[in-house]
Amino acid sequence: MSVEDTNQPWQKMALAESICDQQPQRNRMEHFSASKVDVRELVGKLTKRQKQVATLVFNEYSNKQIAVELGMSTKTVELHRKEAIRRLGCNSTIGLVKRIFPVMNLNKKEERS
């Protein structure tokens with residue numbers, strides 16, 4: 001099935017699913033799901049700078065905005081983000097945000113109390 005053969009939405013979904021199924025599972029750490037491992041423990045493995053960068057990523061800051069906020073270059077921000085993603089067992093920035101989401105919500109609830 002090629003992209004040109006997909007006229008119906010369900011055909012496009014089937015194509016996307018087959019592509020995803022063929023993608024290598026490179027370095028996926030499925031056993032690090034939030035239900036099996038305490039997310040706070042994972043976040044605790046980040047350095048102070050990695051936590052700061054991850055928090056600002058969570059708050060939708062761009063690399064350039066993070067660099068200005070923390071007084072570092074955008075390359076350094078990219079390195080901290082990449083290392084945080086690796087340490088949390090994620091493959092992308094979206095994975096990073098999903099992984100730290102429960103912790104960010106817990107922190108907000110604790111601040112309100």
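The values are calculated or read from the model by the stated rules, or taken from the named source; none is laboratory data. Here the structure is a predicted model, which means the values were calculated and not measured. Reconstructed Cβ throughout: ideal geometry from the backbone, glycine too, with neighbour counts over all protein chains shown.
Brief remarks on what is shown
- Residues in segment 72-82 that are under 17 Å from residue 46 (Cβ atoms) and either of a type in the set (S, T, N, Q) or modelled with pLDDT under 95 (or both): 76 alone.
- Entry remark, segment 20-66: residues being farther than 18 Å from residue 94 by Cα, charged (D, E, K, R) and modelled with pLDDT under 75 number 3 in total.
- Whichever residue in segment 83-113 is under 15 Å from residue 57 (Cβ atoms), among the basic types (Lys, Arg) and surrounded by fewer than 16 Cβ atoms within 10 Å (Cβ to Cβ) and, among such residues, is modelled with the highest pLDDT: 86
- Odd one out for residue 69, checked against (1) modelled with pLDDT of 80 or more; (2) under 18 Å from the mean Cα position of the chain (by Cα): (2)
- Those residues of segment 39-62 which are aliphatic (A, V, I, L, M) and assigned to a helix (DSSP H, G or I), in sequence order: 39, 42, 43, 53, 54, 56, 57
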